[in-house]
Amino acid sequence: MVLVDPFPEKFNTRSMKIVDISMDLHNHKSSAVQKLALTQIGLIFLLFSVIDSANYKKSSNYTFAKSAANMSINPVVISSSVKQTATVIFLHGLGDSGNGWAEAMTQIRQPYMKVICPSASPMPVSLNQGFRMPSWFDLFTLDESGPEDENGIKEAAKLVHSLIDREIETSNVPSSRIALGGFSQGGALALYSAFTYNKPLAGVMALSCWIPLHKTFPAAALSNKDMPIIQCHGDCDPIVPLKWGQLTASILKSFAKHTELKTYRGLMHSSSDMELKDLKKFLETVLPSV
């Protein structure tokens with residue numbers, strides 16, 4: 001994967017004014033898929049870098065299905081290798097694509113699990129001075145008490161709901177055998193979508209993220225209050241600080257029955273082999289073989 005910083009200027013952390021463009025991407029290290037540590041490109045970068053589209057997976061293990069109108073790239077669909085009895089839908093972070101997490105999901109899923117990794121459409125992101133990049137909704141600030149794109153978050157959740165409904169209809173898999181997951185902005189959307197979906201889900205994997213529109217909870221949680229949730233967060237994350245994950249965990253515990261926050265020492269806005277092992281175990285628990 002080629003990483004490029006198109007705007008080398010720094011940003012002012014005091015005013016939270018963004019003057020460089022970066023994104024949530026990850027690369028390969030040895031045989032494991034890991035998120036690229038910010039130290040490798042400098043702590044001054046806010047989100048990460050642009051995608052080298054030539055790195056998209058084209059192997060026979062990947063098939064592409066039609067996506068919703070405002071998903072710019074058809075989702076990566078990793079078919080089960082035996083009879084499908086479960087589905088995992090994983091949402092990427094800001095600036096990434098479904099291709100970015102496909103290999104990691106392949107490593108942690110069971111043979112009976114189908115994996116869907118959709119891609120967000122490019123849109124202007126206010127946090128990055130209106131620069132267009134794949135994003136599920138707009139981001140205005142890094143302040144946890146700052147304004148949020150309420151309409152955009154709710155519309156994005158409707159997209160996720162429609163993706164779940166389509167999977168139920170086409171694959172004949174019940175909603176209770178479908179798990180959601182996501183990294184960073186994608187993890188935030190996965191949480192919000194699960195609690196506002198009107199059918200039971202198997203669980204949620206929320207990586208390095210936060211719960212959007214947190215002031216509206218617990219009232220906004222219409223369903224899935226008893227589904228298992230695993231939060232994973234690095235204790236050195238400079239992009240979405242651990243305190244956001246802890247705040248989210250506190251909010252979730254006020255109404256959700258089965259939540260767990262796992263922290264990883266020295267991990268930045270990234271993933272790790274240990275985290276992937278924990279996610280694999282989680283999926284085996286919430287989506288056991290039938």
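Restricting to the stretch 174-203, name every residue that is of a type in the set (A, V, I, L, M) and in contact with a Phe, Trp or Tyr (Cβ under 9 Å, 6 or more places away or on another chain).
Answer for the stretch 174-203, where residues must be of a type in the set (A, V, I, L, M) and in contact with a Phe, Trp or Tyr (Cβ under 9 Å, 6 or more places away or on another chain): Ala179, Leu180, Ala188, Leu189, Ala190, Leu191.
Please go through (1) in a helix (DSSP H, G or I); (2) without any contact (Cβ under 8 Å) to a residue 60 or more places away in the chain; (3) farther than 28 Å from Gly152 by Cβ for Thr263 and return the number of the only condition it doesn't satisfy.
Result: Thr263 fails condition (1) only.
Are any of the residues in the stretch 178-190 open to solvent by 10 Å² or more (accessible area, probe 1.4 Å) and in contact (Cβ under 8 Å) with a residue 40 or more places away in the chain?
No, that holds for no residue.
Residue check: is Met268 under 21 Å from Ala104 (Cα atoms), surrounded by fewer than 22 Cβ atoms within 10 Å (Cβ to Cβ) and touching a residue at least 40 places away in the same chain (Cβ under 8 Å)?
Against the criterion (under 21 Å from Ala104 (Cα atoms), surrounded by fewer than 22 Cβ atoms within 10 Å (Cβ to Cβ) and touching a residue at least 40 places away in the same chain (Cβ under 8 Å)), Met268 qualifies.
For the stretch 215-260, give me each residue that is part of a strand (DSSP E or B) and within 25 Å of Ser175 (Cα to Cα).
Pro228, Ile229, Ile230, Gln231, Cys232, His258, Thr259, Glu260
If you check every pair at least six apart or on different chains, which have Cβ atoms under 7 Å apart with a residue in the stretch 81-97 that is open to solvent by 10 Å² or more (accessible area, probe 1.4 Å) first and a residue that is modelled with pLDDT under 95 and of a type in the set (A, V, I, L, M) second?
Listed pairs, sorted by first residue: Thr85/Val290.
Taking the criterion of being open to solvent by less than 10 Å² (accessible area, probe 1.4 Å), modelled with pLDDT under 95, of a type outside the set (Val, Ile, Thr) and more than 17 Å from Ala179 (Cα to Cα), would at least one residue in the stretch 239-249 satisfy it?
Checking the stretch 239-249: not a single residue is open to solvent by less than 10 Å² (accessible area, probe 1.4 Å), modelled with pLDDT under 95, of a type outside the set (Val, Ile, Thr) and more than 17 Å from Ala179 (Cα to Cα).
Yes/no per residue for (1) at pLDDT 95 or above; (2) at positive phi; (3) open to solvent by 10 Å² or more (accessible area, probe 1.4 Å):
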site	(1), (2), (3)
Ser162	yes, no, yes
Asp165	yes, no, yes
Asn172	no, yes, yes
Ala194	yes, no, no
Lys215	no, no, yes
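So, in the stretch 278-290, of the ones that are within 17 Å of the chain's Cα centre (by Cα) and among the charged types (D, E, K, R), which residue ends up surrounded by the most Cβ atoms within 10 Å (Cβ to Cβ)?
Within the stretch 278-290, the match that is surrounded by the most Cβ atoms within 10 Å (Cβ to Cβ) is Asp278.
Sort out which residues of the stretch 115-148 are open to solvent by 30 Å² or more (accessible area, probe 1.4 Å) and either within 21 Å of Gly181 (Cβ to Cβ) or not in a strand (DSSP E or B) (or both), and write them in order of number. Spell out the reasoning first.
Going residue by residue through the stretch 115-148, those that are open to solvent by 30 Å² or more (accessible area, probe 1.4 Å) are 122-124, 126, 129-132, 140-145, 147-148.
Correct list: Ser126, Gln129, Gly130, Phe140, Thr141, Leu142, Asp143, Glu144, Ser145, Pro147, Glu148.
Sort out which residues of the stretch 111-157 are closer than 24 Å to Gln246 by Cβ and among the basic types (Lys, Arg), and write them in order of number. If you could, list the steps in order and put the result at the bottom.
Here is the first cut: in the stretch 111-157, the residues closer than 24 Å to Gln246 by Cβ are 127, 136-137, 139-150, 153, 157.
Matches in the stretch 111-157: none.
When Leu222 is evaluated against the numbered criteria (1) surrounded by 19 or more Cβ atoms within 10 Å (Cβ to Cβ); (2) within 20 Å of Leu159 (Cα to Cα), which criterion, by number, is the only one it fails?
All conditions pass for Leu222, except number (1).
Failed condition for Gly187, given (1) touching a helix residue (DSSP H, G or I) at 6+ places or on another chain (Cβ under 7 Å); (2) under 17 Å from Ala104 (Cα atoms), with all others met?
(1)
The values are calculated or read from the model by the stated rules, or taken from the named source; none is laboratory data. For clarity, every value in this text was computed on a predicted model and none was experimentally measured. FYI the Cβ positions are ideal-geometry reconstructions off the backbone, even for glycines, and counts take in every protein chain you see. Side chains included, ligands, DNA and RNA excluded: accessible areas come from the protein's heavy atoms. Shrake-Rupley method; radii C 1.70, N 1.55, O 1.52, S 1.80 Å.
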